[in-house]
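Right, one structure below, let's go through it.
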Amino acid sequence: MSNTTNEDLQGTLAPTSDSLTYHPTLREANITRQREWDTGNQMTLSYSGNELAGEVGEAIEAAAYHSFKPTAVTKANLADELGDVVICCDLLAMRYDIPLPLPPHPLAVPFDREILFAVLVDLAIAAGAVSNIVKKLEREAIGMKGSRSTPGHLADALDTVLVEANDIAARSGLVLADCVASKFNATSEKVGLKTRLLSVESRDGD
Ligand SMILES: [Mg+2]
């Protein structure tokens, strides 16, 4: 359930439809919306890392709940949370100009809760790896001693998050790219931002 109140939305008047901007890729839409949303450019690497960890937690909760009590509402909630996960992965990747297209949509897979839960564990592990890399990048930025990481490691870890999210979507009867576009636009509308996403880029073939 949304915590947004009418009071929260005061001063964020919805834009008129002719002022909306439409973007053909998630990266382009994320770059444009961040300029619109984070007007002071204050979002830090740690903020974005924390944001992704939060969304992964919500997605795991939504997937587990949907697997036991599947309804149209639980499926829509899972779609939203998986969309958030991908959007937040891309926000981290764009800090280092890391391309992050979605994996291809897998062939239909039969529902199996045991396998699904194994994939949820894999998603949690991948998200933990991202957090660990973000910590090391921040550590280097502030000059603290300790082990280091690289944007290349971040790219690999973010890609693993996408692979697991894609698998969870397919096992739940969802198409991840559709989840992303739908949630991106719903958030823009909710917050009163003009940026809209038309489609989400996928990798070819693999
Ligand atoms: Mg969320």
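The values are calculated or read from the model by the stated rules, or taken from the named source; none is laboratory data. Being a predicted model, the structure only gives us computed values, none of them experimental. A quick note on method: Cβ atoms are made from the backbone with ideal geometry, for glycine too, and the neighbour counts reach across all protein chains shown.
Values computed for the structure shown
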read-out: Tabulated pairs, region 50-72, first among the hydroxyl-bearing types (Ser, Thr, Tyr), second surrounded by fewer than 17 Cβ atoms within 10 Å (Cβ to Cβ), C-beta under 9 angstrom, 6+ apart or interchain; value: Ser67/Phe111; Ser67/Arg113; Ser67/Phe117
read-out: Per-region count, region 48-69, residues within 12 Å of the ligand (Cβ to nearest atom) and of a type in the set (Ser, Thr, Tyr); value: 0
read-out: Only listed residue being within 19 Å of Ala169 (Cβ to Cβ), within 16 Å of the ligand (Cβ to nearest atom), modelled with pLDDT of 95 or more and aliphatic (A, V, I, L, M), chosen from Ala72, Ala79; value: Ala79
read-out: Qualifying residue in region 100-114 (condition: more than 15 Å from the chain's Cα centre (by Cα) and part of a helix (DSSP H, G or I)); value: yes
read-out: Any chance Ala157 is crowded, with 19+ Cβ neighbours inside 10 Å and touching a Ser or Thr at 6+ places or on another chain (Cβ under 6 Å); value: no
read-out: Members of region 118-128 found to be over 18 Å from Leu176 (Cα atoms) and either in a loop (DSSP other than H, G, I, E, B) or not aliphatic (A, V, I, L, M) (or both), listed by number; value: Gly128
read-out: Out of Ser182, Ser131, Ser147, sole residue that is closer than 29 Å to Ser67 by Cα, more than 16 Å from the ligand (Cβ to nearest atom) and either assigned to a loop (DSSP other than H, G, I, E, B) or in contact (Cβ under 8 Å) with a residue 60 or more places away in the chain (or both); value: Ser131
